[in-house]
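> This is the structure, below, for whatever I ask next.
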Amino acid sequence: MSQITLYLDDATQALVEQAAQANGLSKSRWVAEIIRKYAAHEWPQDCLALAGAFPDFPLAEENQSSQPADLPRLGF
């Protein structure tokens, strides 16, 4: 298992300690779980479950073709 060093200001350190204690975890475990949660390259299951759930939801291409020419396009 590797180790890292984090430099935190006092207020952030207090937040980590409080959150870890509230969740019944060590600070290391709590930080590791937060990193896994926010650095994951996967969509959460509840988001994936919504795929196709809105059959009448317009596609971006359909919206752009019906958009007046004088309005700027955002390129999404």
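> Counting only residues that are at pLDDT 85 or above and polar (S, T, N, Q), how many does the range 37-76 have?
Qualifying residue count, the range 37-76: 1.
> Which members of the range 21-44 meet the condition of being surrounded by 10 or more Cβ atoms within 10 Å (Cβ to Cβ), part of a helix (DSSP H, G or I) and more than 20 Å from the chain's Cα centre (by Cα)?
Hits for the range 21-44 are Gln21, Lys27, Ser28.
The values are calculated or read from the model by the stated rules, or taken from the named source; none is laboratory data. Just so it is clear, the model here is predicted, and its values are computed rather than measured. Ideal geometry is used to build each Cβ from the backbone, glycine not excepted, and the neighbour counts take in all protein chains shown.
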